[in-house]
Amino acid sequence: MDYKKELDDLITTVIREGGSDLHLSENRHPTIRVSAELIPLVKKELLTSKDTSAFLDILLSPANKQRFLEMKEVDFSYNFNAQARFRGNGFFQQGKVSIALRLIPKAIATIAELQLPPVLETFSRKKQGFFLVVGPVGQGKTTTLASLIELINQERAEHIITIEDPIEYVYEQKKSIIDQREVRVDTADFHIALASVLREDVNVILLGEMRNPETMAAAVTAAETGHLVFSTLHTNNAGQTIDRIIDSFPAEQQNQIRVQLAGTLSGVFSQRLVPRISGGLIPIYELLIANSAVANLIREKRTHEINTVVETSSEEGMIDMNRSIVERVRAGEITIENGYRHSFNPKILEKML
């Protein structure tokens, strides 16, 4: 088999069908994800151990192949014929090689094209602060952040540095200077890159993920010292996000990080991608805008009240997840069942509907 040709054919299928992911595992048909549904390509043969290993050899650089053999898993990126880019993960399961590829479109969509609220653009126009996009894996966090970075790139001259593992969207420099650093390729890890970024005359920092307290502390400090910092967390909503950051630190450091977070946080945006009745996916979302009342709640250890602030502050631009769901249901874009499935508080949603 010509494995390069076969891989190209599978990737072309993902793109042609409007898919988001490609899964390659031994004893399974190649499988793509389209509109959140997994679809086996049953016309393709079941993959063998030789097949998956050969595909991985094409996808990985020698350094990543060595890392895969040592660590039993590896994150990587893959460019496809200048048409698209993929974020990939190779891993073992039951001693067998498996591969998951996530499509990163070449074109960076705007906030409007992503059907996200226009108020998000205000966060890209700030000169400093700490803005987080949160939610489970596969809910469009990276795409939303890329849209905000691209807006800065189009509107003003800034020095933007991204620290990612791996690099996902690749930016074309417009008004801004954009340097993209990949962990293990351009820097040893997130924390080391963040420590040096403050000496690189940077204005805007995109941190692909905050994985440990050291990275979180460095990100908050960067925002505190006059930089605009964007990052992600795998949390559900604003209150949980703030608690997750604070609780990541030892008890003796929590008061300090609480004060820093209260002074730097500009907002938390939580999003989900929900099947649209007419096909495809559509976002539902929650937005916390960190005003003085929110800052006080963080300082005073009353983060459990933050979700109530979001629910009652729509006049300030905040968006409650249930309200977002109600708007999508009433517009005939999502089903009531999917609305309940993604609601943080289904009992309140029932009263709103």
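The values are calculated or read from the model by the stated rules, or taken from the named source; none is laboratory data. In this text the structure is predicted, and so the values were computed from the model without any measurement. Using ideal geometry, Cβ is built from the backbone for each residue, glycine included, and neighbour counts are taken over all protein chains shown.
Computed values, structure above
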{"read-out": "Those residues of the range 89-112 which are among the small types (G, A, S) and either outside any loop (DSSP other than H, G, I, E, B) or under 16 Å from the mean Cα position of the chain (by Cα) (or both), in sequence order", "value": "G90, S98, A100, A109"}
{"read-out": "Long-range neighbours under 9 Å by Cβ, at least six apart or interchain, first residue more than 21 Å from D51 (Cα to Cα) within the range 1-21, second of a type in the set (S, T, Y)", "value": "G18/S35; G19/T13; G19/S35; S20/S35"}
{"read-out": "Filtered residues of the range 119-171 (kept if in contact with a Leu (Cβ under 9 Å, 6 or more places away or on another chain) and of a type in the set (F, W, Y))", "value": "F123, F130, F131, Y169"}
{"read-out": "Unique residue being crowded, with 19+ Cβ neighbours inside 10 Å, hydroxyl-bearing (S, T, Y) and farther than 21 Å from T225 by Cβ when the list is T241, T264", "value": "T241"}
{"read-out": "Qualifying residues in the range 46-80 (those that are among the acidic types (D, E) and out of contact with any helix residue (DSSP H, G or I) (no Cβ under 8 Å at 6 or more places or on another chain)) - the one farthest from S98 (Cα to Cα)", "value": "E70"}
{"read-out": "Qualifying residue in the range 126-137 (condition: exposed (fewer than 15 other Cβ atoms within 10 Å of the Cβ), modelled with pLDDT under 95 and closer than 26 Å to F76 by Cα)", "value": "yes"}
{"read-out": "Residue selected from the range 286-318 under the condition among the hydroxyl-bearing types (S, T, Y) and under 24 Å from D247 (Cα atoms), by the criterion surrounded by the most Cβ atoms within 10 Å (Cβ to Cβ)", "value": "T303"}
{"read-out": "Matching entry among I277, I245, I289 (being farther than 17 Å from M318 by Cβ and touching a strand residue (DSSP E or B) at 6+ places or on another chain (Cβ under 9 Å))", "value": "I245"}
{"read-out": "Count - residues of the range 104-116 that are in contact with a strand residue (DSSP E or B) (Cβ under 8 Å, 6 or more places away or on another chain) and at pLDDT 95 or above", "value": "3"}
{"read-out": "Among residues of the range 119-131, those that are over 19 Å from I325 (Cβ atoms) and either of a type in the set (S, T, N, Q) or not in a loop (DSSP other than H, G, I, E, B) (or both), counted", "value": "8"}
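Here is a yes/no grid of residues against (1) in the same structural domain as A218 (by TED's automatic domain parsing); (2) more than 26 Å from G18 (Cα to Cα); (3) outside any strand (DSSP E or B); (4) not aliphatic (A, V, I, L, M):
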site	(1), (2), (3), (4)
F269	yes, no, no, yes
G279	yes, no, yes, yes
V294	yes, yes, yes, no
I298	yes, yes, yes, no
N307	yes, yes, yes, yes
E315	yes, yes, yes, yes
V326	yes, yes, yes, no
